[in-house]
Amino acid sequence: MKLGIVFGMILAASFICGTAPAFAGFGAVAYDEANRKLGFASNEETQKRADEVATKECGGSEACKIRFRSGAKSCSAFAAPEKGSAWGGSVKPNLDSAKLSALENCQKHTKERCTVLESACNK
């Protein structure tokens, strides 16, 4: 009897704790090149929501444009130098490859040293 109660409590807790949507896994990166503002979203329920979050984080202005998007089970990274308008982004199956690719993409557009400003993986 006690084992059944414990199992029931564990099952109930898993439902309560597991409130995240099963298909959350959309991301977006918005960037305002002129003002160097970045907006980054990951693990959102829909692509529309990811776009909204990234644009809002970027500042919400017309200059904040969605530069790239990421889907479920993918990782994205954004890199830029300390000054200038160059940037690089990437979406890859794992975080390390996304970061490396973002750095390489950024370095193609500048002689300055690029650094990864933000990165994340979707569910």
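None of the figures in this text is laboratory data; all of them are computed from the coordinates on show. Please read all numbers here as calculations on a predicted model, not as lab measurements.
Amide H to amide H distances under 5 Å link residue 118 with 78, where only residues 5 or more positions off or on other chains count and H is placed in the peptide plane.
Compared with the rule-of-thumb size 2.2 N^0.38 Å for a compact globular protein, the range 21-121 has a Cα radius of gyration ratio of 1.01. Within straight-line reach of residue 48, meaning a Cα separation under 28 Å, sit the following lysines at least 8 residues removed in sequence or on another chain: 37, 56, 65, 73, 92, 99, 123.
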